[in-house]
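Participant: Let me begin by handing over the structure; questions about it come next.
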Amino acid sequence: MGRRVLVALVAGFLLLASCAPARADWTIAAFLGAGGTHASSLRIEQPASHTALTFEPIDYRGESFTSPVYYGYRVGWILPFAPRLAVEAEFIHLKVFADTSAITTARGIEHGQMVGRRQRLDHTVQLFSISHGANFVLANVVFRHPVVRGAVSDRVTVSARAGLGPTVAHAESTIAGAFQEQYELGSLGWQLAAGLEIRLMKGLHAIGEYKLTRTNQQVSVSGGEAQTLLRTNHLVFGAGYRF
């Protein structure tokens, strides 16, 4: 699904480029890495059972190196009239798994009764993950600047990017024994990122980058919805090509 969305974005950029001057530089890149998501709260609302519970804190694991691994790719267009600036389409495949064995505080309404208690999360929520991706589909603005001016000015470049776009979530949940999974359009997400690009040979460069992403996900579960804030630190490495 992520590939189809990215292809649509790339087609949009190609259409934009067709209206621009013929001389333009394009970049493509792919990367692996790891994402660590901050502890958050998890709210479960199931109107039919008169349940609206908030659990906190919820610890999330990333399992970035477990198949399917964390990955991302992007395509960018360097503006011919401002060569330090570019626009990009980027896809990031992030995973989160709630630690359901942890002790949390549950507050709210359960089957019409007010509750406030300490419990293991799996007393109520046996599984909650977005494990085939809290997939970010981002439109980025990028700024690049050489580290050293002169003959080797293009060998090492610092980059900064900001992006905004939708997410595509694949949530899996088991609540009170009822399992559900689905792909669905998630909430908006954004990223801020900074990194280095090191030229290895003509056109080819290595990349290393830190990212901060945020999305307030609201996904379907059995009989209702779940909501959680995902704030994630990413470290990525990969390769890119400029042509």
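Participant: Give the number of residues within the stretch 213-235 that are open to solvent by 10 Å² or more (accessible area, probe 1.4 Å), part of a strand (DSSP E or B) and not polar (S, T, N, Q). Before the answer, list the steps.
Facilitator: Residues of the stretch 213-235 that are open to solvent by 10 Å² or more (accessible area, probe 1.4 Å), as a first pass: 214, 216, 218, 220, 222-225, 227, 229, 231, 233, 235.
Imposing the further condition that a residue be part of a strand (DSSP E or B) reduces the set to 214, 216, 218, 220, 224-225, 227, 229, 231, 233, 235.
Narrowing further to those that are not polar (S, T, N, Q): 214, 224-225, 229, 231, 235.
Count: 6.
Participant: Could I ask something else about it? Please identify the pairs in which a residue from the stretch 117-136 that is touching a residue at least 60 places away in the same chain (Cβ under 8 Å) has its Cβ atom under 7 Å from the Cβ atom of a residue that is of a type in the set (Ser, Thr, Tyr) and in a strand (DSSP E or B), counting only partners at least 6 apart or on another chain.
Facilitator: Leu121/Thr104; Phe128/Ser173; Ala134/Thr167; Ala134/Thr215; Asn135/Thr167; Phe136/Thr167; Phe136/Thr213
Participant: Counting just the residues of the stretch 94-112 that are open to solvent by 50 Å² or more (accessible area, probe 1.4 Å) and among the aliphatic types (A, V, I, L, M), which one comes out farthest from Gly35 (Cα to Cα)?
Facilitator: Applying the filter and picking the extreme gives Ile109.
Participant: Within the stretch 151-159, can one find any residue that is without any contact (Cβ under 8 Å) to a residue 24 or more places away in the chain, of a type in the set (A, V, I, L, M, F, W, C), at negative phi and open to solvent by 50 Å² or more (accessible area, probe 1.4 Å)?
Facilitator: yes
Participant: Can you pull out every residue in the stretch 113-130 that is open to solvent by 10 Å² or more (accessible area, probe 1.4 Å), touching a strand residue (DSSP E or B) at 6+ places or on another chain (Cβ under 7 Å) and part of a strand (DSSP E or B)? Break it down into steps so the answer makes sense when it comes.
Facilitator: Pass one, the stretch 113-130, residues open to solvent by 10 Å² or more (accessible area, probe 1.4 Å): 113-120, 122-124, 126-127.
Checking which are touching a strand residue (DSSP E or B) at 6+ places or on another chain (Cβ under 7 Å) leaves us with 115-120, 124, 126-127.
The answer is Val115, Gly116, Arg117, Arg118, Gln119, Arg120, Gln126, Leu127.
The values are calculated or read from the model by the stated rules, or taken from the named source; none is laboratory data. Note that the structure is predicted; figures quoted are calculated from it, not measured. Methodologically, a virtual Cβ is constructed for each residue, glycine included, from the backbone with ideal geometry; neighbour enumeration extends over all protein chains shown. With ligands, DNA and RNA removed, areas are computed over all heavy atoms of the protein, side chains included. Shrake-Rupley method; radii C 1.70, N 1.55, O 1.52, S 1.80 Å.
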